[in-house]
Amino acid sequence: MNKIIIIIALLGITSCSRSLYTGSSSNLYETFYRGGIGTQYFIKPLEFYGSEKDEFILVDFTFVTDNKLKEKDSVFLNFTLQTKDIVRQIDALTIQNSTLKTRSMSSLEKFFLKKKKDYFVIRYTTKISLVEAKQLFGDSHWSISTSIDGSTLSYAPLKKSKRKINSIYENVFFLID
């Protein structure tokens, strides 16, 4: 009897919190139903590469929306940077495209810094508004740069990252009014 109750409870919990995928977009983002507050989106990491072969930045996004565009709604923008030289502190992150000229985020919170073989990996988070996120995804020609101790590292999207940005816009941000 206890096993049946546990199984029913687990099925109830997983049916409310399971990921819902939409066709081919499942490799790009996940959605989670959050009750009356709307749907939570996790946009999986997008890749951008620097001038050095193995230096890159991965950017992912998490937000909750009821599909109404509100300025007060925020998006967690998380990024992971891999560099040859140790980076103890990133001063600012800038993402730009033709619709959002420049977005510089200086309120960065560091998650971790670790060494991985011959490289250093550093992970940060910051927030942007949902309005800004929609503008970013509306144009896939992104340019990302980080300011570190007075110098700037620049990153460009791969062709597949541009395709992913376009698909995410069409399947997620286009639906938000």
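Kindly evaluate Gln96 against the criterion of being at pLDDT 90 or above and under 20 Å from Leu158 (Cβ atoms).
On the way: at pLDDT 90 or above: yes; under 20 Å from Leu158 (Cβ atoms): yes.
Considered against the rule, which asks whether it is at pLDDT 90 or above and under 20 Å from Leu158 (Cβ atoms), Gln96 comes out as yes.
Give Asp149, Asp91 a once-over and let me know the one that is farther than 30 Å from Asp177 by Cβ, among the acidic types (Asp, Glu), modelled with pLDDT of 90 or more and more than 14 Å from the chain's Cα centre (by Cα).
On the way: Asp149 fails: modelled with pLDDT of 90 or more.
After applying the criteria, what remains is Asp91.
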inquiry  = Anything in segment 99-120 that is surrounded by 10 or more Cβ atoms within 10 Å (Cβ to Cβ) and of a type in the set (Ser, Thr, Tyr)? List them, or say none.
reply    = Thr99, Thr102, Ser104, Ser106, Tyr119
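Here's the yes/no breakdown for (1) farther than 20 Å from Tyr49 by Cα; (2) assigned to a strand (DSSP E or B):
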position: Lys70; (1), (2): yes, no
position: Leu81; (1), (2): no, yes
position: Ile86; (1), (2): no, no
position: Thr94; (1), (2): no, yes
position: Leu100; (1), (2): yes, no
position: Phe112; (1), (2): yes, yes
task = Kindly provide the set of residues from segment 123-164 that are part of a helix (DSSP H, G or I), within 16 Å of Phe63 (Cα to Cα) and either in contact with a Pro (Cβ under 9 Å, 6 or more places away or on another chain) or basic (Lys, Arg) (or both), ordered by number.
result = Lys134
message = Of the conditions (1) of a type outside the set (D, E, K, R); (2) under 20 Å from Leu28 (Cα atoms); (3) modelled with pLDDT of 95 or more; (4) crowded, with 18+ Cβ neighbours inside 10 Å, Asn166 satisfies every one except a single condition; which number is it?
response = (4)
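The values are calculated or read from the model by the stated rules, or taken from the named source; none is laboratory data. None of these values were measured; they are calculated from a predicted model. Neighbour counts run over all protein chains shown; Cβ positions are idealised from the backbone, glycine included.
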